[in-house]
Each structure stands twice: as C-alpha cells, then as structure tokens.
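Quick notes on the structure that follows.
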Amino acid sequence: MKKPDKKQTALPDLELREGQSLELLKALHILTREGKINQDSRRKLKQVNHLLQFIGPLLQSALAQNGGVCLVDHGAGKSYLGFMLYDAFLKKPDLQGQVVGIESRAELVERSHALAQQLGFKGMAFHHLTVAQALESEEIPAAVDIVTALHACNTATDDAIEFGLRRQCAAFVLVPCCQAEVAAQLRAGKNNMRATSSLTELWRHPLHTREFGSQVTNVLRCLRLEASGYEVTVTELVGWEHSMKNELIIAKKTPSAAGKKATQAAQKLNELLQSLGLEAMAPRFAPAN
Ligand SMILES: C[S@@+](CC[C@H](N)C(=O)[O-])C[C@H]1O[C@@H](n2cnc3c(N)ncnc32)[C@H](O)[C@@H]1O
C-alpha cells in the first residue's frame, strides 16, 4: 500500500480568500489535483494572499480613476501573483485590466502564456525579458499604474523601481530579494574608511557586510522613492518563520509627498551615500527628475 505523504494536508486548514478559485490554485500547482497542499505551496499562498490585501485596493482605485488599470510584475516567475490578482479583481469581462509579467526564464514565460490562454484571462501578457530590458522595450504598455516585484533577484528590484519611476506609476509593491551591489561596495571601501570612521564597525565582519548591505539597500530604495514624491510604508510580508526576505515596501505617489518632503529625502539619500562611502552608487538610487 502507498504510504501517505505526511507533508501534504487536506483543504480545511487553508486560509483561502473569499471566492478564491480552487481550480486556479490547482492549475498553478499550488493545490494538488486532490485539493491538497504542501508546506512550500502553503507559504506561497499565504504570501500572495497577504499581498492581495494591499494590491487589490490599488487596482480598484486605478480602475475607478482611469476606467482601466495596468500592473507590471517584474521577475514574475510562475506568475502566482499575477494570476491570483487577475482572478480576484480583473477577470470580469467588462473590466479593462491588464497584468503584464516580465521574466527572464523563457520556459516560465511560455507556461504562463499557455495558462492564461487556457483560463481565458485575456488581459494577461508575459514577456521574455530581463527587467533591465523591459525598461527599453516597446512591447510593454507606456501607461503603467502599479509596479510589483516579489523576490526579484539582486538588482532586478532596482530596475523595477527605475521602470516605475520612468512611467510615473501610481504605486509600487516590492518585496526585495538579496542585493549584492551595495555589500560589494561597502566591502571595497572598508579599509579606506576604517582609519577615519567607527561607522565601519557596522559592516566589518563579512556576515555583517552582507546583512548591513541588505538593510542599507532597502533604506536607499525607500529614500529614492520618497525623493521621487512617493509616500513609503515598510512592513512585514508574513511572519519570520516563513522567509528571511519578507520586507514589504509599499510606495504611493501622493501630492503631499512631493515638494519639500521629496527634497529632504533626496538630501538624506545623498548624505547617507556619502557617510557610508557609497557615492559610486548614486546613479543606482537616483530619484526621478
Ligand atoms: C525568486 S523568483 C520569484 C518569482 C515570483 N516573483 C514569486 O515570488 O513567486 C525570482 C524570479 O525572477 C526572475 N529574474 C531574476 N532576475 C531577473 C531579471 N533581471 N529580470 C527578469 N526576471 C528575473 C527569475 O528567473 C525568477 O523566476
């Protein structure tokens, strides 16, 4: 007799959103065909459902204001986020909703494209591009309301921010992954600064270089967004038990975040780059003009 798989559990203890399509969850292989789920998929479902709470109102506000909405998801992977957003908020035929996935792995792009066709999700499109290539691509709509990047690797989050700033999008929802550039720059400048600044103690040990580099990167990203006229909130995606990378950055363009506030944020951004010997990183974190 086949042994039961202990890691899989049945549906009742799943935290599903009201009206969430079980068929979609099966198509995304989050649920097995029998409606069971393993720990990894449970974590993913919890993360995406948590994000839906934040992104849903942003989609609805853009729809109400503009009569349509375009969301671009960077480093989309299997596009769990895009599919669940579309299913929850945009699949009604009278809605002008577009969800565009940018992904550097061709097989994932093809798979998502096939699934969108199978489900009849006509407003979904997927592009085999890096986020940096998407910046210049004419395939992507010019008007974009919301930019998301969920665990997009290394500097892909920064490129996604650049993408959204160039298109003056209304909101960003970002869950950054590790970024190696800032840590490398801190490492390179360590010995030069040590004689003059006790601040370098914050990143003297290699483990601290990595962790501090990651923290500083996200602080610089937030300042970049604030300096570009966005109101920024930083919170947790899900409990620490699920992922070490769970910082959720939400930025909304608001008139009250422009002007003096943006100027002050730009000053702080420059000061921080200078204090940490990161002047070479200024173009990476440059605010929108
Ligand atoms: C950790 S996965 C996250 C996938 C998805 N966002 C999620 O959370 O389920 C990162 C994805 O980003 C893609 N990726 C990494 N760097 C990229 C880049 N520069 N441009 C586009 N996609 C990228 C990878 O191929 C991978 O599918």
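The values are calculated or read from the model by the stated rules, or taken from the named source; none is laboratory data. Bear in mind that the values here come from a model prediction, so they are computed numbers and not experimental data. Methodologically, a virtual Cβ is constructed for each residue, glycine included, from the backbone with ideal geometry; neighbour enumeration extends over all protein chains shown. Side chains included, ligands, DNA and RNA excluded: accessible areas come from the protein's heavy atoms. Shrake-Rupley method; radii C 1.70, N 1.55, O 1.52, S 1.80 Å.
Worth pointing out:
- Between amide H atoms placed 1.01 Å from N, distances below 5 Å from residue 150 occur with 74, 175, all of them 5 or more places distant or on a separate chain.
- The accessible area of residue 78, taken with all protein chains in place and a 1.4 Å probe, comes to roughly 90 Å².
- Crossing angle, helix 156-166 versus the chain [Cα axis fit, 0-90 degrees, rounded to tens]: 90
- Cα shape, the range 213-280, gyration tensor, a/c 1.5 rule: oblate
- Estimated FRET transfer efficiency when R0 is 45 angstrom, pair residue 36-residue 202 (beta carbons, to 0.05): 0.45
- Largest to smallest accessible area among 254, 235, 148 [probe 1.4 Å]: 235, 254, 148
- Using C-alpha pairs below 8 Å separated by at least 6 residues, the relative contact order for the range 68-281 is 17 percent.
- Tally of Lys pairs whose C-alpha atoms are under 27 Å apart, taken over the range 68-281, 8 or more apart or cross-chain: 20
- The range 154-289 shape via C-alpha gyration tensor axes, a/c threshold 1.5: oblate
- Taken along the Cα-to-beta-carbon direction at a fixed 7 Å, the label points for residue 181 and residue 96 span 3.5 nm.
- Spin-label pair residue 260/residue 193, simplified geometry with 7 Å Cα→Cβ offset, distance in nm: 3.1
- Put simply, the amide H of residue 126, placed in the peptide plane, has neighbours under 5 Å in 101, leaving out anything fewer than 5 places away on its chain.
- The range 139-166-the range 30-96 distance, computed between alpha-carbon centres (Å): 17
- Anisotropy class of the range 68-281 from Cα gyration tensor, a/c 1.5 cut: prolate
- A run of the chain free of exposed loop cleavage sites, with GluC sites (Glu not before Pro) counted only in DSSP states other than H, G, I, E and B and at most 15 other beta carbons within 10 Å, reaches its longest extent at 35-137.
- Evaluating kT/(6 pi eta Rh) at 4 °C and 1.567 mPa s, with the Kirkwood radius of the range 56-116 over Cα pairs in the Stokes-Einstein relation, gives 108 µm² s⁻¹.
- Helix-only CD estimate at 222 nm, as mean residue ellipticity for the chain, using -39500 (n - 2.57) per DSSP H run (n ≥ 4): -14000 deg cm²/dmol
- Note, ³J(HN,Hα) from phi for the range 83-99, Karplus 6.51, -1.76, 1.60, rounded to Hz, x at Gly and Pro: 5, 6, 5, 4, 4, 6, 10, 10, 7, 4, x, 7, 8, 8, x, 10, 10
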